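Asks: Sharing a structure with you now.
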Amino acid sequence: MSRQPGWAAALLFPLVAACGPSDRPPDAVVVVRNVHFAPPDVTVPAGGTVEWRFEDGGVLHQVVSEGSFDSGITAEGTYSRTFDEPGTYPYTCSVHRYMTGTVTVTVTES
Ligand SMILES: [Cu+2]
């Protein structure tokens with residue numbers, strides 16, 4: 001008689017590994033490059049996440065929407081925000097006021 005206790009670990013490990021918070025991809029990605037948001041306008045469902053990636057060779061930028069969200073001034077890395085409330089969220093860069101974009105959050109059917 002032989003027992004194989006290893007099967008349970010083999011089954012469970014991929015599930016656990018898939019549950020890490022960083023493994024869920026954002027619903028929209030905005031690349032900050034060439035003093036521009038690309039794309040400037042994104043749409044996500046309610047509960048969706050937008051990720052901004054600062055890839056402008058050290059140029060400082062800030063993603064800020066008054067009263068809603070604020071990445072802080074940064075030159076690199078990423079900033080993510082989850083939008084639970086449907087609506088339109090215009091944002092800008094405090095360093096370059098002509099940099100503007102919009103996040104539109106749509107109502108999801110339940
Ligand atoms: Cu900027």
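Asks: Which pairs have Cβ atoms under 6 Å, sit 6 or more apart or on different chains, and link a residue in the stretch 44-71 that is within 15 Å of THR102 (Cβ to Cβ) to one that is assigned to a loop (DSSP other than H, G, I, E, B) and among the hydroxyl-bearing types (Ser, Thr, Tyr)?
Replies: Every condition considered, the pairs that remain are VAL63/SER71; VAL64/SER94.
Asks: Could you please find all residues in the stretch 25-38 being in contact (Cβ under 8 Å) with a residue 12 or more places away in the chain and out of contact with any His (no Cβ under 6 Å at 6 or more places or on another chain)?
Replies: Result: PRO26, ASP27, ALA28, VAL29, VAL30, VAL31, ARG33, ASN34, HIS36, PHE37.
Here is a yes/no grid of residues against (1) among the acidic types (Asp, Glu); (2) outside any loop (DSSP other than H, G, I, E, B); (3) within 15 Å of the ligand (Cβ to nearest atom); (4) modelled with pLDDT of 95 or more:
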| position | (1), (2), (3), (4) |
| --- | --- |
| THR49 | no, yes, no, yes |
| ARG53 | no, yes, yes, yes |
| GLY58 | no, no, yes, yes |
| GLY67 | no, no, no, no |
| SER94 | no, no, yes, yes |
| GLY101 | no, yes, yes, yes |
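Asks: Could you tell me which residue of the stretch 79-92 is nearest to the chain's Cα centre (by Cα), considering only residues that are in a strand (DSSP E or B) and surrounded by fewer than 16 Cβ atoms within 10 Å (Cβ to Cβ)?
Replies: SER80
Asks: Determine, yes or no, whether GLU85 is touching a strand residue (DSSP E or B) at 6+ places or on another chain (Cβ under 9 Å), of a type outside the set (A, V, I, L, M), modelled with pLDDT of 95 or more and within 16 Å of the ligand (Cβ to nearest atom).
Replies: When the stated conditions are applied, GLU85 does not pass them.
Asks: Just checking, how many residues over the stretch 97-110 are over 17 Å from GLY48 (Cβ atoms) and either of a type in the set (Val, Ile, Thr) or surrounded by 15 or more Cβ atoms within 10 Å (Cβ to Cβ) (or both)?
Replies: Adding up the residues that qualify gives 2.
The values are calculated or read from the model by the stated rules, or taken from the named source; none is laboratory data. On a predicted model such as this, the values are computed, not experimentally measured, just so you know. Virtual Cβ from ideal backbone geometry, glycine too; neighbours counted across all protein chains shown.
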